[in-house]
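Trainee: Have a look at this one.
Every number here is computed from the coordinates shown, using simple stated rules; none is lab data. Everything numeric in this text was worked out from a predicted model, so none of it was measured. Cβ atoms come from the backbone with ideal geometry, glycine included; neighbour counts cover every protein chain shown.
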Protein chains: 2
Amino acid sequence: MNIYDIAREAGVSITTVSRVINHREQVNAVTRERVEKVLKAHNYKPNATARNLVTKSSRTVAVLTIDIREPHYARTAYTIERELSHRGYEAIICNTGGELKETERYLQSLMEKDVDGIILVGSVFNEIGKDARIRDMLKTFPVVLANGRLDLERSYSVLVDDQYGIGLSVDHLVENGHREICYFMDLDTGSAREKKTGFIQSMKKHGLECGQKQVIKVAHSVEGGRVGVQQLIEENRQVTAIVCGNDEIAVGAVKELTSRGIKVPEQISVTGYNHSEYARICQPELTTIDNKPELVAMLCVQLIISLIEKTDSYSSGVIRPELVPGKSVAQL
Amino acid sequence: MNIYDIAREAGVSITTVSRVINHREQVNAVTRERVEKVLKAHNYKPNATARNLVTKSSRTVAVLTIDIREPHYARTAYTIERELSHRGYEAIICNTGGELKETERYLQSLMEKDVDGIILVGSVFNEIGKDARIRDMLKTFPVVLANGRLDLERSYSVLVDDQYGIGLSVDHLVENGHREICYFMDLDTGSAREKKTGFIQSMKKHGLECGQKQVIKVAHSVEGGRVGVQQLIEENRQVTAIVCGNDEIAVGAVKELTSRGIKVPEQISVTGYNHSEYARICQPELTTIDNKPELVAMLCVQLIISLIEKTDSYSSGVIRPELVPGKSVAQL
DNA sequence: CTGAAAGCGCTTACAG
DNA sequence: CTGAAAGCGCTTACAG
């Protein structure tokens, strides 16, 4: 059942049927009703592919992320999908693993579809976005990058001030009397470096010692946190607090400390980052930083839509994380 | 740059260009090379929409799930997406919240696209799939349901034996000397009922008392587990073990018990379900049931592809969960 | 207010 | 092995 069948049955041209379907104004009320009756009678559904072919749009946005199994990306991707859906767009999800080759492979096939725009979630895309071939592909789409800068024609960014975010942890610890603080850094992505900088600057701001020794690189996982603590103990370091780059690491640190009979927070305080479910499940509950993934997601959608529909109604600004107190920080 | 431009420049017809693009055999090697050179020179990308319009396929599969923020669905959706991607399909993700209205809304817009198939993830879709309008919409697609039966023409199911899965928990507890066991049931979906039945039958198999009192309905969340424990304590029940319908509930139970000074597992043992990250993060680590979401996901993709491509190479069978020992069960 | 016609960029019988 | 032509189901100037 296509537009021709409807037109024939309603005794009008396909142009008129098209007008009715798309709620164009220039149709006589009587004609409109006649056509609508036929439409309803056959439960007519327009063929989106045919429409896309002429309009060059598919009302689809691709969301490239690292791995939606990570709660932080899951939350972001979820909110993006819901927001898109409410505006009549579909979301294609691509788990790139943060890898250049995979990102390229996904973009390759996205280029053949009439995808309306791309949202990049994860600060790895800052690095990936520097690759010339990736840039060539990206520049054919409107693009929004969550947490980074792309410097392309039709692209926007949503920035999260992670430097400020980690600073909140340090401030909070210092306010509670801590002075021997170290940082468990998660790998080497853009936002990880931001956080590290935030840590160092904040330590300096408070006049605390902060060199190589205070920053410990660990794997971005529960295991990473455990290993970090082991290292601290082997080196016989005397710290009263550990600031972690994410909640997984913090959970690992807490578990390792606890299993060694070191009480959290009485003997060592720990802070996380992301305000994930892990922070609530951790025993004790983590004091952590909410970096507002839902807000980031909503802004991403708003921006990509304004890029797609050229409404120019975009707003932006930098997102400020917030500290969420838990029970993993003690006053000294 | 379309097929016409290429044809003109290579001095052939668009038919020939199309043949080269699609690697059809009937092309002279010399002609083929000439066309390929032009293709390469212009970095030609075929327009998928135009192709879809004639082939009636978009190499896209929609994944309807409840909420990808839940780790279990995140894992399933992740694996489905990756498997689809490797086979050249894109995944559209839809977070329906498990609601009929939303499911209908998503299906409505999916029907206008040439989506090749639909994978339903979550046993709620058993209920939703009984609605007449939903069925009418679903029957226009190949459909695979993870964990349920749909009873539609072109549909397959991947079944997980959750009854057996919960039985494993009970067996394990009984082997460890427990006899006073209760079950924290998560809501009222298909698989929740399966698990409840599994619990009751398993208790009976071991000759243990199991009536209304042993099954406690709780919210499907950490909070649910806490409330369940509160209820147990208010009613002054003497149990030595709690079997939980999922890991979130188990975490809540453990937290509530611990906060009341009741030691897990020394005084009360707790088991979870899903083998999620939560189980590993919980203190103590949960003994839980792995219900193999990755395996389920892979089978779903295999089945939907065989339905789409009519390869008839499908395999099926029922998936058996496995017990994963943690530290939340003590021997009495 | 309405319609004939062109066009979106492909694939695919069919004929040669 | 190759090509002319129809067709997929729409939208959109353009003319009336």
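Trainee: If you put a point 7 Å past Cα along the Cβ direction, how far is that point for B:Asn236 from the same point in each other copy, in nm, smallest first?
Mentor: 5.6
Trainee: With the cut-off at 1.5 for a/c, could you classify region A:70-140 from its C-alpha gyration tensor as rounded, prolate or oblate?
Mentor: Verdict is oblate for region A:70-140.
Trainee: Given the C-alpha centroids of region A:185-227 and region B:17-62, what is the distance between them in whole angstrom?
Mentor: When both Cα centres are located, 50 Å separates them.
Trainee: Additional query: How high is the relative contact order of region B:1-60? Use alpha-carbon pairs under 8 Å, at least six apart in sequence, and give a whole percent.
Mentor: 32 percent
Trainee: In degrees between 0 and 90, to the nearest 10, how far off the longest principal axis of chain A does helix A:29-41 point, with axes built from Cα atoms?
Mentor: With rounding to tens, the tilt is 70 degrees.
Trainee: Which is farthest toward the positive dipole end of chain B among B:Tyr78, B:Gly326, B:Thr189, measuring Cα position about the Cα centre, with Cβ charges +1 (Lys, Arg) and -1 (Asp, Glu)?
Mentor: Towards the positive end, the residue furthest out is B:Tyr78.
Trainee: Thinking of region A:3-46 as a set of Cα atoms, what percent of all their pairs are more than 17 Å apart?
Mentor: 14 percent
Trainee: Additional query: Per-residue mean of other chain beta-carbon atoms within 10 angstrom of the beta-carbon, peptide B:61-68? Mind dumping the intermediate values first?
Mentor: Numbers: counts 0, 2, 1, 0, 0, 0, 3, 9.
Mean partner-chain Cβ count within 10 Å for B:61-68: 2.
Trainee: Please list, by residue number, every one of the GluC sites (Glu not before Pro) in region A:117-226 that is coil in DSSP and has at most 11 other beta-carbon atoms within 10 Å.
Mentor: Hits after loop and neighbour filter: A:Glu153, A:Glu209.
Trainee: State to the nearest 20 debye the size of the charge dipole of region A:162-290 about its Cα centre, where the only charges are +1 on K and R beta carbons and -1 on D and E beta carbons. List each step's numbers first, then the result.
Mentor: Details: 14 positive and 18 negative charges, 67 e Å.
The calculated dipole for region A:162-290 is roughly 320 debye.
Trainee: Taking only the alpha-carbon positions of chain B and ignoring solvent, what does the Debye formula give for the base-10 log of I(q)/I(0) at q = 0.06, 0.09, 0.12, 0.16 Å⁻¹?
Mentor: Values returned for q = 0.06, 0.09, 0.12, 0.16 Å⁻¹ are -0.31, -0.58, -0.84, -1.22.
Trainee: Take B:Met1, project a point 7 Å from its Cα along the Cβ direction, then tell me which residues of region A:93-127 have their backbone nitrogen under 19 Å from it.
Mentor: A:104-115
Trainee: 5 Å is the cut-off here: which amide hydrogens, built 1.01 Å from N in the peptide plane, fall below it relative to B:Met185, excluding neighbours closer than 5 in sequence?
Mentor: Close amide H contacts, sequence-distant or interchain: B:Ile216, B:Lys217, B:Val218.
Trainee: What is the magnitude of the charge dipole of the protein assembly as shown about its Cα centre, with +1 placed on the Cβ of each Lys and Arg, -1 on the Cβ of each Asp and Glu, and no other charges, expressed in debye to the nearest 20?
Mentor: Dipole magnitude for the protein assembly as shown comes out near 1400 debye.
Trainee: Another question about this same structure. What is the set of long-range amide H partners of B:Val63 at a cut-off below 5 Å, with H atoms built 1.01 Å from backbone N?
Mentor: B:Ile92, B:Ile93, B:Cys94, B:Ile119
Trainee: Ordered by residue, what ³J(HN,Hα) values in Hz, to whole numbers, does region A:232-246 give under the Karplus form 6.51 cos²θ - 1.76 cosθ + 1.60, where θ = phi - 60° and Gly and Pro are x?
Mentor: Each residue of region A:232-246 in turn: 4, 6, 4, 7, 6, 7, 9, 10, 10, 8, 10, 9, 10, x, 7 Hz.
Trainee: In terms of the Cα gyration tensor, with a ≥ b ≥ c the square roots of its eigenvalues, is region B:162-291 rounded because a/c is under 1.5, prolate because a/b exceeds b/c, or oblate? Mind showing how you got there, number by number?
Mentor: Working: a/c = 1.30, a/b = 1.15, b/c = 1.14.
Rounded shape, in that the Cα axes give a/c under 1.5.
Trainee: OK, next. Rounded, prolate or oblate: pick one for the protein assembly as shown, where a ≥ b ≥ c are the square roots of the eigenvalues of its C-alpha gyration tensor, a/c under 1.5 means rounded, and failing that, prolate if a/b is larger than b/c, else oblate.
Mentor: Here the protein assembly as shown falls in the oblate category.
Trainee: Taking A:Thr258 in one copy and the same position in all the others, each labelled 7 Å out along Cα→Cβ, what are the pairwise distances from the first, in nm, shortest first?
Mentor: Once sorted, the set of distances for A:Thr258 reads 0.3 nm.
Trainee: Cβ neighbours within 10 Å, averaged per peptide: list B:17-25, B:53-61 in order, most packed at the top.
Mentor: Ranking the peptides B:17-25, B:53-61 by packing returns B:53-61, B:17-25.
Trainee: While we're looking at this one, here's another question. Please work out the FRET efficiency for the pair A:Glu180 and A:Thr258, using the Cβ-Cβ distance as r and a Förster radius of 22 Å; give the result to the nearest 0.05.
Mentor: Approximately 0.65, to the nearest 0.05.
Trainee: While we're here: Might you report the magnitude of the Cβ-based charge dipole of chain A about its Cα centre, with Lys and Arg at +1 and Asp and Glu at -1, to the nearest 20 debye?
Mentor: For this selection, approximately 780 debye.
Trainee: Here's a follow-up. Need one value for B:43-53: mean number of C-beta atoms belonging to other chains within 10 Å of its residues' C-beta atoms.
Mentor: That average works out to 6.
Trainee: If we hang a label 7 Å off Cα along the beta carbon direction at B:Asp188, how far is it from the matching labels on the other copies, in nm, shortest first?
Mentor: 5.6
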